[in-house]
Amino acid sequence: MPMDNGKKLNYIDALRGIAILGVLVVHCGQEGKNFYPSILQSVILNGAIGVQLFYVASAFTIFLTFAGRREKEINHTTNFLIRRFFRIAPMYYAGILYYLYQDGLGARYWLGDVTQVSTWNIVSNLGFFHAFNPYWITSIVPGGWSIAVEMFFYCLVPFLFLRIRNLNQAVVFFVFTLLLRMMMYSLLHRFPLIAFDRLWEEYLFFYPPNQLPVFACGIILYFLVNTPRYEWHVEPIVVFTLSIMLLAQLATQTVFIFPVHIQFGMAFIVLGYALSLKEFYVLVNPMTIYFGKISYSMYLVHFAILYGLTRFNYVDWVPTDTLVGSLMNFGLRLSCLVALTALVSAISYRVIEVPFQNLGKRIINRRENAQRTTVGLA
């Protein structure tokens, strides 16, 4: 049976906290004038992989909660979608309003040759189907592509949960998503749908089929944590297929089969399982747990904080022509970004996220009570 002990999920909140810190690190490192050694530059750039850590944690949590509520609720599927909508939409809609105010409707990189944000672009963001257009996917809300991908995964969960019932099926699904990703990438890379090559390549990284294997990693983690070890079983043909795919990547010295973001997703399986066995304080502590709880607000808010720091020239505090100066600036910039983002996000979490989540819960309780009354009368 799935675990429902809140304490056991501290490490999942902590993983989200680590993920959002990684995202803040990479975006902080992109601002100002920087002079970093190559190893630090690599660490900063790989902070972007925090999004994939979000996906692994999300898939794990969604399967866990879906399993727990499926046996308790009459309308468990629609209730799940209601919960997800009230969890994601209110804060995202606030983001749409704010970033349209901040950036206006004019031209920008993600619009390509389109001169302004269209009505359909806004509608697609309101409906969370902006992942299916390279000009819409992240041109209104910075980082909005990841929210679109997340909502796409939510729509698949009721179907996936019925068909992925054990570790073997989870690994099979992972292999399927790898093959689907390769097939889609090969086709769309050869036949691009827009004229801007760089924009198209970035879209092929962001769009759902490229991220789906990472969600599959979260499902694998769910079964590793919630299934007794004596029930772990993966069919030999599945292990053989994965081995051949890994050997093919090593032999060709490419990242076509297991790109870097999927490699990290696989590593996050190991990290998540290790923390499920022992919550190491260096990673699972009050700060990372709290940041994990407000991580969604932090994700949407930090772009605005960075915009403000840049606009008012608070990104470079000392001369940047030396390594020491660059490191000092990065440390000061990151400290300001984390502190201000956490402060604003703590407010938005309580003012926007929690009230609307509670509204969703009230709607679900009302529907469940009405359904039980109807069944009782029948």
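The values are calculated or read from the model by the stated rules, or taken from the named source; none is laboratory data. Given the structure is predicted, the values throughout are model-derived calculations rather than measurements. We place every Cβ from the backbone using ideal geometry, glycine too, and count neighbours over all the protein chains shown. Calculation scope for accessible area: heavy atoms of the full protein, side chains included, ligands and nucleic acids excluded. Shrake-Rupley method; radii C 1.70, N 1.55, O 1.52, S 1.80 Å.
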What is the percent carbon and sulfur in the accessible area of region 1-134, measuring with a 1.4 Å probe over the protein chains and ignoring ligands? 61
State the answer as a single residue: which of Leu199, Met184, Ala170 lies farthest towards the positive end of the charge dipole of region 151-257, with beta carbon charges of +1 for Lys and Arg and -1 for Asp and Glu, about the Cα centre. Ala170
By the Cα gyration tensor axes a ≥ b ≥ c (a/c under 1.5 gives rounded; else a/b larger than b/c gives prolate, otherwise oblate), the shape of region 12-90 is prolate
Using +1 on the beta carbon of Lys and Arg, -1 on that of Asp and Glu, and nothing else charged, what's the dipole of the chain about the Cα centre, debye to 20? 1120
Measuring from its Cα centre, region 36-171 shows a charge dipole (+1 at each Lys and Arg Cβ, -1 at each Asp and Glu Cβ) which, in debye to the nearest 20, is 520
Note on region 1-113: contact order normalised by length, alpha-carbon pairs under 8 Å, 6 or more apart, percent, works out to 27
Report the calculated FRET efficiency for Thr65 and Leu343 (r = Cβ-Cβ distance, R0 = 35 Å), to the nearest 0.05. 0.75
Point-to-point label distance, Thr227-Gln41, nm (Cα→Cβ direction, 7 Å offset): 4.3
Mean separation of Cα contacts under 8 Å (6+ apart) over length of the chain, as relative contact order %: 31
Averaged per residue, what accessible area in Å² does region 218-331 show with a 1.4 Å probe, protein chains only? 55
Which helices, taking whole DSSP H runs in the chain, have alpha carbons extending 20 angstrom or more along the helix axis plus mean Kyte-Doolittle at least 1.0? 10-29, 144-163, 167-190, 208-226, 236-252, 260-277, 323-348
Just how large is the dipole of region 52-125 about the Cα centre, in debye to the nearest 20, putting +1 at every Lys and Arg Cβ and -1 at every Asp and Glu Cβ? 340
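Using the Kirkwood radius over Cα pairs, work out the Stokes-Einstein diffusion coefficient for region 1-133 at 20 °C and 1.002 mPa s, in µm²/s as a whole number.
After rounding, the answer is 118 µm²/s.
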Local charge sum around Val315 (other residues, Cβ-Cβ under 13 Å, Lys/Arg +1, Asp/Glu -1)? +1
So what does log10 I(q)/I(0) come out to for region 310-378 at q = 0.14, 0.15, 0.29 Å⁻¹, using the Debye formula with one equal point on every Cα and no solvent? -0.64, -0.68, -1.12
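Quantify, in whole percent, the carbon and sulfur part of the accessible surface of region 287-337 (1.4 Å probe; protein heavy atoms only).
Numbers: 1690 of 2370 Å².
On region 287-337, the fraction of accessible area on carbon and sulfur atoms equals 71 percent.
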Between region 197-260 and region 309-378, what's the alpha-carbon centroid distance in Å? 30
Quote the Stokes-Einstein diffusion coefficient, in whole µm² s⁻¹, for the chain, based on the Kirkwood radius over alpha carbon pairs, a temperature of 37 °C and a viscosity of 0.692 mPa s. 147
Ranking Ile96, Gly143, Met328 by how far each Cα lies towards the positive end of the charge dipole of the chain (+1 on Lys and Arg Cβ, -1 on Asp and Glu Cβ), the top one is Ile96
Would you mind working out the accessible area per residue for region 1-147, using a 1.4 Å probe, and quoting it in Å²? 44
Quick one, can you get me the convex hull of the C-alpha atoms of region 87-190 expressed as volume per residue in Å³? 115
